[in-house]
Amino acid sequence: MDIKELTASIEGKLIGNDEFFSIDGFTGKFTFLNDAHTGDIVIRHWIDETGIKIAFDKNIACLITQNPKGCAVEMANKLNFPLIITDKIELANAYALSHTIEKFSSNSTNIVITGTNGKSTTSHLIYHILKTAGYRVLTNTDSESEFNTLIDPMVSKLISDEVINNGELDYLVIEVSEVQGWLGNLMENHAALMSEAINPKVGVITNIAMDHIGLVNSIDDVFNEITAVPEAIGDGVCILNHDDEMVMKLDAKNPFYFSMSELDLENAVYYDGQAILYHNKSILTNDQLPFTGNHFIQNILSAIGACISIDLDMNDIIGGVKSYRALNRRFAKLNDEPLIYDDFAHNPDGIRATISETIKLLPKNQTLYVVCAIRGSRGVEINKLNVEALVESIGENMELILSSSNDVVNDLNYVTEDERKVFFDTLNENDVEFVHYDNLDECLKETYGKADKKDIILLIGAQGMDPAESLLKNII
């Protein structure tokens with residue numbers, strides 16, 4: 001690859017030197033400016049003249065950006081340093097991902113997971129099954145889902161670092177956000193673009209629901225972002241949620257289905273209420289499952305479907321599922337008396353599903369305390385949909401407690417007055433009683449203090465609820 005080929009591939013414009021800057025050319029590694037070494041390529045959403053000077057001093061091959069600030073262009077010309085400017089930084093990151101996989105992991109079998117809910121649990125479960133079976137595998141899923149956006153070269157860096165330090169990989173399990181944007185602007189076709197770059201043998205589509213309000217504003221918008229994913233997967237197998245009406249509208253060449261109801265299909269795995277079945281034969285019973293909530297069983301089904309589709313031995317699949325432990329904040333039990341569950345339910349479907357599953361565990365005449373962190377700095381629209389989901393879900397023997405979590409969030413996750421108001425107004429209009437706390441620590445202390453030992457406390461929400469486990473340790 002030369003720099004002109006790279007520039008053309010990402011629809012960029014080359015400034016400064018028309019050759020790679022480092023004396024030995026390009027190392028093959030895409031990375032961040034702080035981590036870059038001689039011959040690496042850096043991708044940054046923005047760069048100024050100081051960044052250009054740092055790149056020059058580090059002797060990197062070239063720098064790619066979407067937004068040159070200050071005197072970045074003038075500095076690149078002055079230093080005769082190669083700077084590529086592209087209007088679509090996602091093209092650069094997709095190119096980096098594709099190039100990295102081809103160079104460092106060309107023999108791996110690749111699996112991609114996308115959809116609105118359940119991506120992280122499904123990805124992590126597939127990763128666990130493969131790792132337990134003895135394979136060398138890498139995933140970009142972690143407990144906080146920090147690396148699944150693919151809007152920077154992090155995953156490319158993870159892959160190259162892993163292979164250089166520890167040897168070749170057998171599998172890549174890559175989680176891809178179904179909708180993505182930068183500074184409020186939608187990166188169109190993100191999921192399909194990244195899926196194609198990964199060149200997967202198997203692609204999982206968990207469901208299609210509303211999230212990322214502002215980037216998309218209707219379920220049809222979400223569908224349009226995902227609709228090209230099966231085409232990007234090409235001849236690979238698409239693992240599809242048979243229970244999701246929108247997913248079933250997708251046109252997949254090689255579908256494999258999963259369902260919470262019996263399916264009379266050869267290419268399917270399903271749950272009948274007592275066990276998971278494949279080819280109408282039980283492979284895992286309820287008492288062997290790591291968790292039994294319906295939305296988690298759907299994740300198990302999709303992971304099993306993916307592993308079947310890469311011809312993994314069924315005994316390895318069963319063993320991996322049975323030994324799995326959930327990611328942090330995926331219906332994690334934090335305490336026994338009272339029962340406290342913590343879940344990363346941050347959109348309407350997640351809220352409904354998590355509350356519904358928790359209600360099933362509530363003893364008769366006991367109270368379920370639903371403690372919800374309002375989503376900060378995410379806009380009125382998503383918070384309105386979230387509070388409407390709460391209105392639908394709150395019933396008898398349930399109390400609703402809200403937190404703005406001012407004491408634990410940064411300015412990027414601060415709850416605005418409009419976001420708080422839409423919560424309060426919607427609840428008041430529907431005669432739903434609630435208590436609100438500005439600070440999460442006080443919210444948790446008060447709720448824990450009044451809960452009976454047989455009650456259940458359910459913690460839900462995104463960033464505003466992330467520190468709850470550590471706070472509760474001190475409280476309890």
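The values are calculated or read from the model by the stated rules, or taken from the named source; none is laboratory data. Keep in mind the model is a prediction, meaning the values are calculated, not measured. Cβ: placed from backbone, ideal geometry, glycine included. Neighbour counts: every protein chain shown.
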What residue, among those in the stretch 90-108 that are farther than 16 Å from Val42 by Cα and in contact with a helix residue (DSSP H, G or I) (Cβ under 7 Å, 6 or more places away or on another chain), is surrounded by the fewest Cβ atoms within 10 Å (Cβ to Cβ)?
Phe104
So how many residues does the stretch 96-125 have that are in a strand (DSSP E or B) and under 17 Å from Asn207 (Cβ atoms)?
3
Just to be sure I understand the filter: pairs with C-beta atoms under 6 Å, separated by 6 or more residues or on different chains, first member in the stretch 383-399 and assigned by TED's automatic domain parsing to the domain that holds Ala462, second member basic (Lys, Arg) and surrounded by 15 or more Cβ atoms within 10 Å (Cβ to Cβ). Which pairs pass?
Asn383/Arg375; Ala389/Arg352; Ser393/Arg352
All positions within the stretch 453-470 that are part of a helix (DSSP H, G or I) and in contact (Cβ under 8 Å) with a residue 40 or more places away in the chain:
Gln463, Gly464, Met465, Ala468, Glu469
Filter the stretch 195-219 down to residues that are over 17 Å from the mean Cα position of the chain (by Cα) and modelled with pLDDT of 85 or more, then give me how many there are.
6
Leu63 passes all but one of the listed conditions (1) part of a strand (DSSP E or B); (2) at pLDDT below 95; (3) of a type in the set (A, V, I, L, M, F, W, C); the exception is number (2)
What tally of residues in the stretch 4-51 results from selecting those that are over 32 Å from the mean Cα position of the chain (by Cα) and not in a loop (DSSP other than H, G, I, E, B)?
5
Take the stretch 319-352 and flag every residue that is in contact with a strand residue (DSSP E or B) (Cβ under 9 Å, 6 or more places away or on another chain) and over 19 Å from Ser123 (Cβ atoms).
Lys333, Leu334, Asn335, Pro338, Leu339, Ile340, Tyr341, Asp342, Ile351
From the list Phe32, Phe21, exactly one residue is exposed (fewer than 15 other Cβ atoms within 10 Å of the Cβ) and among the hydrophobic types (A, V, I, L, M, F, W, C). Which is it?
Phe32
When you check Lys364 against the structure, is it part of a helix (DSSP H, G or I) and not β-branched (Val, Ile, Thr), yes or no?
no
Might you check whether a residue that is touching a Cys at 6+ places or on another chain (Cβ under 9 Å) and not hydrophobic (A, V, I, L, M, F, W, C) occurs anywhere in the stretch 60-74?
no
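Matching residues to (1) outside any loop (DSSP other than H, G, I, E, B); (2) modelled with pLDDT under 95:
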{"residue": "Tyr127", "(1), (2)": "yes, no"}
{"residue": "Thr149", "(1), (2)": "no, yes"}
{"residue": "Ser160", "(1), (2)": "yes, no"}
{"residue": "Leu169", "(1), (2)": "no, no"}
{"residue": "Leu193", "(1), (2)": "yes, yes"}
Give the residue that is surrounded by the most Cβ atoms within 10 Å (Cβ to Cβ), with candidates limited to residues of the stretch 422-462 that are polar (S, T, N, Q) and farther than 19 Å from Ile340 by Cβ.
Thr426
Working only within the stretch 361-376, note down all residues that are farther than 19 Å from Val432 by Cβ, surrounded by fewer than 19 Cβ atoms within 10 Å (Cβ to Cβ) and in contact (Cβ under 8 Å) with a residue 40 or more places away in the chain.
Leu361, Pro363, Gln366
Identify the single condition in (1) hydrophobic (A, V, I, L, M, F, W, C); (2) in contact with a helix residue (DSSP H, G or I) (Cβ under 8 Å, 6 or more places away or on another chain); (3) in contact (Cβ under 8 Å) with a residue 40 or more places away in the chain that Ala72 does not satisfy, given that it satisfies every other one.
(3)
The condition of being under 17 Å from Leu444 (Cβ atoms) and either free of Cβ contacts under 8 Å to residues at least 60 places away in the same chain or acidic (Asp, Glu) (or both) holds, among Asp311, Asp343, only for Asp343
Asp87: surrounded by fewer than 20 Cβ atoms within 10 Å (Cβ to Cβ) and in contact (Cβ under 8 Å) with a residue 60 or more places away in the chain, yes or no?
yes
